[in-house]
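The values are calculated or read from the model by the stated rules, or taken from the named source; none is laboratory data. Please read these numbers as outputs of a predicted model, since none were measured by experiment. Cβ: placed from backbone, ideal geometry, glycine included. Neighbour counts: every protein chain shown.
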Amino acid sequence: MSPTQPESELISLQRANEELLALNQSLRSAQDQLLQSERLAAIGQLAAGVAHEINNPIGYVFSNFGTLEAYLERLFEMLEAYEQAEPALADNAIADRLAALRERVELDYLKQDIPMLMGESKEGLSRVRKIVQDLKDFSRVDTHQEWVWASLHQGIDSTLNIVANEIKYRADVKREYGDLPDIECLPSELNQVFLNLLVNAAHAIGPQRGLIVVRSGYGGNSGDKVWVEVEDNGSGIAPEHLARIFDPFFTTKPVGRGTGLGLSLAYGIVQKHHGRIDVRSEPGRGSCFRVTLPVRRPGAEGAAS
């Protein structure tokens with residue numbers, strides 16, 4: 001028996017209501033993703049500003065440190081000359097006083113320890129300078145979101161340095177880089193993809209220290225494309241969750257540990273680059289995410305002509 005007109009209208013209203021609810025949910029998800037993207041852009045801008053401010057004092061401290069090293073070398077030369085002249089002193093009282101002073105200040109020890117301290121301090125300054133540079137490379141706000149030719153390996157290395165504190169207590173990182181060409185991309189956005197994949201890999205590692213492998217390759221079956229893999233030997237992803245891991249707000253992390261937007265944002269960025277992101281995983285054995293990207297942005301030649 002066919003439904004009456006009122007029943008038919010009610011069914012139509014219910015369907016329309018369901019469609020509106022689904023559309024509203026999609027709009028909410030899109031709005032939240034846009035807000036998250038804005039926050040990430042603001043954080044990147046802040047990071048670049050902080051890196052710039054730190055870079056200036058680090059620059060002149062590094063310069064002054066080099067000058068101080070040169071001064072110390074000259075002082076040590078003078079000390080050595082005085083030491084060689086000590087046996088020629090006619091006044092035994094002065095010679096004894098100099099010998100006692102040398103013993104009291106531990107001159108022989110200082111001559112060994114000062115260069116070591118200077119070397120360690122210089123290495124520390126170099127590491128700070130490298131972190132600051134990586135922070136600037138990671139944020140890349142000076143590009144104004146323009147498509148440029150960039151090295152993926154440089155972006156990955158910068159990102160690894162930025163997230164080192166998140167990874168170093170959980171896992172070792174092994175790089176297996178292939179020979180990649182520069183690609184046309186938005187470097188700061190791809191850095192965000194690598195950051196999400198690396199942090200997720202670190203969080204998937206259990207109580208035992210794990211391993212994260214970052215691989216890359218070019219050509220082959222993928223044609224004029226490059227690929228990057230981030231693989232971990234952590235907890236893996238349950239088969240029933242694999243189909244939903246790129247959905248906004250879906251997360252298997254405990255409450256307060258994740259927003260469920262990281263992989264969704266990464267998926268959107270890769271899509272914007274006309275690429276794809278694939279995952280293979282086995283519970284208890286780990287996961288591997290592969291990002292495949294074209295070397296040249298499709299349609300770029302036509303847009304430029």
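The table below lists the values:
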quantity	calculated
Condition check for Met116: closer than 30 Å to Asn161 by Cα and either modelled with pLDDT of 85 or more or among the hydrophobic types (A, V, I, L, M, F, W, C) (or both)	yes
Any hit, the stretch 123-140, residues being modelled with pLDDT of 80 or more, assigned to a strand (DSSP E or B) and in contact with a helix residue (DSSP H, G or I) (Cβ under 7 Å, 6 or more places away or on another chain)	no
3 or more residues out of contact with any Asp or Glu (no Cβ under 9 Å at 6 or more places or on another chain) and not assigned by TED's automatic domain parsing to the domain that holds Leu265: qualifying helices (runs of 4 or more DSSP H) within the stretch 151-211	none
Qualifying residue in the stretch 213-220 (condition: of a type in the set (Gly, Ala, Ser) and either surrounded by fewer than 14 Cβ atoms within 10 Å (Cβ to Cβ) or assigned to a loop (DSSP other than H, G, I, E, B) (or both))	yes
Residues satisfying the stated conditions in the stretch 142-196, i.e. of a type in the set (Gly, Ala, Ser) and touching a strand residue (DSSP E or B) at 6+ places or on another chain (Cβ under 8 Å)	Ala150, Ala171, Gly178
Hey, Leu190 buried (at least 22 other Cβ atoms within 10 Å of the Cβ) and farther than 18 Å from Gly286 by Cβ or not	yes
Cβ-Cβ under 6 Å pairs, at least 6 apart or on other chains, the stretch 201-214 side under 15 Å from Asn165 (Cβ atoms), far side among the basic types (Lys, Arg)	Ala202/Arg170; Ile205/Arg170
